[in-house]
Amino acid sequence: MKLVVNTLNLSTPAGLLVGLIGRARFSRGPRGLFYATDYKLRFPAAGAFTLGNLVLTKHDRAYIDQRPKLVKHEERHSWQYFFLIGLPMLPLYLLGAAWSWLRTGCPASRNPFERLADLADGNYVERPLRPLRQVFSGLRSRPRGQ
């Protein structure tokens, strides 16, 4: 069902397009997932990322086959696309990454999507929160033009 819904909500087709642009190699994974390995683009910098039911990685197939926890993490993201009706997840994810970066200096540590997918399974380390007054005072003290 997730595969069908993520195809209809266009998140998996968007992943296929990104994989084609990134000259990835496609193969079938477990539980309705597909892999796009040997992805050539430098963005995003993550070791793996998911669009719909497609897990994209710059690494080869052996890399992802040897990391079942990472696959579970990415599979949880595929369910997030399912529940958020596909591509609306992308701006919401970016908001979560911005919030996390603001609070911790890391785009994943306080990102609700990464937390729900299990930080440790995604190879993320939970960073401590920075006080908001420290964050905002750092922004105000920068000279103009920087």
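The values are calculated or read from the model by the stated rules, or taken from the named source; none is laboratory data. Quick caveat, the model's predicted, so the values are computed rather than measured. Glycine gets a Cβ as well: all are built from the backbone with ideal geometry, and neighbour counts include every protein chain shown. Note: accessible area is taken over every heavy atom of the protein model, side chains too, but ligands, DNA and RNA are not part of it. Shrake-Rupley method; radii C 1.70, N 1.55, O 1.52, S 1.80 Å.
Assorted remarks:
- Per-region count, the range 60-87, residues surrounded by fewer than 17 Cβ atoms within 10 Å (Cβ to Cβ) and either of a type outside the set (D, E, K, R) or in contact with a His (Cβ under 6 Å, 6 or more places away or on another chain) (or both): 9
- Qualifying residue in the range 24-38 (condition: polar (S, T, N, Q) and surrounded by 20 or more Cβ atoms within 10 Å (Cβ to Cβ)): yes
- Selection count where residues are of a type outside the set (Lys, Arg) and not in a loop (DSSP other than H, G, I, E, B), scope the range 86-119: 19
- Failed criterion for Asn53 (all others in (1) over 23 Å from Asn123 (Cβ atoms); (2) surrounded by 18 or more Cβ atoms within 10 Å (Cβ to Cβ); (3) not aromatic (Phe, Trp, Tyr) hold): (1)
- Within the range 2-23, the residues that satisfy the criterion of being open to solvent by less than 90 Å² (accessible area, probe 1.4 Å) and touching a residue at least 40 places away in the same chain (Cβ under 8 Å) are Lys2, Leu3, Val5, Asn6, Thr7, Asn9, Ser11, Thr12, Ala14, Gly15.
- Exactly one residue out of Leu90, Leu95 is open to solvent by 50 Å² or more (accessible area, probe 1.4 Å), without any contact (Cβ under 8 Å) to a residue 12 or more places away in the chain, farther than 30 Å from Arg133 by Cβ and not charged (D, E, K, R), and it is Leu90.
- Residue match in the range 126-140 (condition: in a helix (DSSP H, G or I) and surrounded by 14 or more Cβ atoms within 10 Å (Cβ to Cβ)): yes
- Listed by first and then second residue, the pairs with beta-carbon distance under 6 Å, at least 6 apart or on different chains, first residue in the range 110-134 and closer than 18 Å to Leu90 by Cα and without any contact (Cβ under 8 Å) to a residue 60 or more places away in the chain, second open to solvent by 70 Å² or more (accessible area, probe 1.4 Å) and not in a loop (DSSP other than H, G, I, E, B), are Ala117/Arg76.
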